[in-house]
Amino acid sequence: MEVNFYLNTKYYFGKGCVKNNLSQEIKLLKPKCIMLIYGGGSIKTNGIYNTVINEIKKTKIKFIEHSGVQPNPIDIDTYKACIKARNNKVDLIVAVGGGSVIDEAKVVSNLITNKQYKNAWDYMDNDGKTKNQPIPVFSIITIAATGSENNYNSVITNSRTHDKWGVRNQNRPMVCFEDPTYTFSVNKWQTASGSFDIMSHLLEQYYDIKNHFEWTKQYIIANIKTLLKFVPIVLKQPNNYEARANILWTSSWALNGLGSINTCGGDWKVHGLEHALSGRWNISHGAGLALITPVYIRYMCNHDKRFKALTMELSQALFNNKSVDYFIKQIQNFIKLLGLPTKLTCFKEVKKVTKQDFEWLSAAFDRNTEGYHQLGVDIYKELI
């Protein structure tokens, strides 16, 4: 199999990396108008906003702001940002926040130059296929989780149907700024949820490995080991720079393309299963992944010999025990350490699960994955 691979994101990593570097990178592009996109305003309380604004002001280039991006970004807000950007002739987006902010920024950057889409969901429903090049995006990441700061992917929720879909955009952030100190203020819940999101990305690619390609396998295992080592430290010591830095770097390299070299796809439907849950109840994505993962691994090991063999091999590599049951127990222990829910009704957003909810989840998963309806039915039964 031929592999064609191109990493085209420039990285700045380390304490203070935004200062001076952001303004210099902006000047290199010579934009006429910048849009600053961010979420609910936490960046204004932890000092990140002031640092970014001062850098933008250094350039003396016109800029506008779009705030209030939701944790699970919705299509309506995404298109509002697009219209605002078009009206102001924005030609560079600076996205500051977590994966949701950067997800929305990437979709907006494509919608700005592709006016054939009447709304954001038309773009999502068309698999992100565009005619015109998007405008560039800079990412300043504030939480270790999705890896959106350096990949092509975005996930958006339909505000009318509550479907939550992923899309592969035509661009990934041109420049990525990663200051581990920006993640110091992330609370325990968000740290835990983000950490399992990273874990899920690594597992997803591991189970997609084709023909036992050893380099990819060892790359993924090394990243999982890094996560298992430093997450317990950061839960006890939120301001531990070494731990935060290792987790942040792992989150980016867990989903920037390297872990997918010589993979075939198809054996990890956990993200699709979770998208239905967070589309229905707006729960935290990483926490939803943690809920599904142990159940999914056991189900697949009971139904797929290849999946079971890969699980046994991973268990041996990580825990020195070649047992499916032992591996699942260790994953469950990691989830307990993170303090994430082990039943759907343990989420504060989910008071109860009705028959209608169950039917909706199964149908939404089927729409997202095209043909895996029974898998959804079987897995969702185990979560309630």
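The values are calculated or read from the model by the stated rules, or taken from the named source; none is laboratory data. No experiment lies behind these values; they were computed from the predicted model shown. Here the Cβ positions follow ideal geometry from the backbone for every residue, glycine too, while neighbour counts run over all protein chains shown. Heads up: the accessible areas ignore ligands, DNA and RNA and are worked out on the full protein's heavy atoms, side chains in. Shrake-Rupley method; radii C 1.70, N 1.55, O 1.52, S 1.80 Å.
Values for this structure:
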item: Additional length obtainable on full extension of the chain from C346 to K15, 0.36 nm per residue less Cα span; result: 115.4 nm
item: In Å², nearest 10: area of S278 left accessible to a 1.4 Å probe; result: 0 Å²
item: Calculated SAXS-style log₁₀ I(q)/I(0) at q = 0.11, 0.18, 0.21 Å⁻¹ - the range 251-376, Debye, Cα scatterers; result: -0.44, -1.16, -1.41
item: The range 308-384: mean projected area of Cα convex hull, nm²; result: 6.5 nm²
item: The range 79-124 versus the range 346-384: alpha-carbon centroid distance in Å; result: 30 Å
item: Cut-off 13 Å between beta-carbons: net charge of the residues surrounding G39, Lys and Arg +1, Asp and Glu -1; result: -3
item: Residues D127 and R298, FRET efficiency given R0 of 45 Å [Cβ-Cβ distance, rounded to 0.05]; result: 0.90
item: Solvent exposure of the range 185-267 as accessible area per residue, Å², 1.4 Å probe; result: 39 Å²
item: Net charge of Cβ neighbours under 15 Å - reference T181; Lys, Arg +1; Asp, Glu -1; result: 0
item: Gaussian network model of the chain, Cα within-10 Å springs - most flexible of F327, F319, F184; result: F319
item: Accessible carbon and sulfur surface of the chain relative to its total accessible area, %, 1.4 Å; result: 49 percent
item: Relative contact order (percent, whole number), the chain, Cα cutoff 8 Å, 6+ residue spacing; result: 14 percent
item: D325, D378, ranked by accessible area, largest first (probe 1.4 Å); result: D325, D378
item: Helical contribution to [θ] at 222 nm, DSSP H n ≥ 4, -39,500 (n - 2.57), averaged over the chain, rounded to 500; result: -16500 deg cm²/dmol
item: Mean accessible surface per residue for the range 1-146, computed with a 1.4 Å probe while every protein chain stays in place, in Å²; result: 47 Å²
item: Residue-span extension gain [L318 to T161] - 0.36 nm each, minus C-alpha spacing; result: 52.5 nm
item: Ranked by how many other beta carbons lie within 10 Å on average, peptides 56-66, 29-39 from highest; result: 29-39, 56-66
item: Span from the the range 1-64 Cα centroid across to the the range 274-294 one, whole angstrom; result: 30 Å
item: Projected label distance in nm at E359 and F5, using a 7 Å step from Cα toward the beta-carbon; result: 4.7 nm
